[in-house]
Amino acid sequence: MVRKLKYHEQKLLKKVDFISWEVDQNLHEVKVLRRFHIEKREDYTKYTVGLIPTRENLVLTEKVSASSFCRRRLPTIMVKLRMAQNLKTAITFIEQGRILHWPF
């Protein structure tokens, strides 16, 4: 019942490995991106590194998740302090320049 694959379809399928398909991590990544309104996936990969107190003990990086790092972003803190009604409006306030963030 399945039709024979065309030549270009066969070539594309050679590059895909269906046995070791990583769907589990991707689903969690998409949930975090939607929840915290992160626009770029590169930012998520930067957040997965996390924050650790010292450089000697890198085992602590496994305990810090990307979602815990995202909770410390400025828009999330603005929502917690009730400076904005939701996360999307907090992000638009920052993008428009209504809220400025200077390093201390």
Problem set entry | Extension reserve of the GLU95-GLU39 stretch, reckoned as 0.36 nm per residue once the Cα distance is removed | 18.9 nm
Problem set entry | log₁₀ of I(q)/I(0) at q = 0.15, 0.30, 0.32 Å⁻¹ - the range 59-104, Debye sum with one point per alpha carbon | -0.45, -1.07, -1.14
Problem set entry | Difference of contour (0.36 nm per residue) and Cα-Cα distance, ARG72 to LEU27 | 14.0 nm
For this session: Please sort 81-89, 93-101 by packing, taking for each peptide the average over its residues of neighbouring beta carbons within 10 angstrom, highest first.
Result: 81-89, 93-101
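Determine the dipole magnitude for the range 59-104: charges of +1 sit on the beta-carbon of Lys and Arg, -1 on that of Asp and Glu, nothing else is charged, the reference point is the Cα centre, and the result goes in debye to the nearest 20. Display every interim value, and only then the final one.
Values: 8 positive and 2 negative charges, 34 e Å.
The calculation lands at about 160 debye.
Laboratory data are not the source of any read-out in this text; all were calculated from the coordinates shown. On a predicted model such as this, the values are computed, not experimentally measured, just so you know. Glycine also receives a Cβ, built like all others from the backbone with ideal geometry; neighbour counts cover every protein chain displayed.
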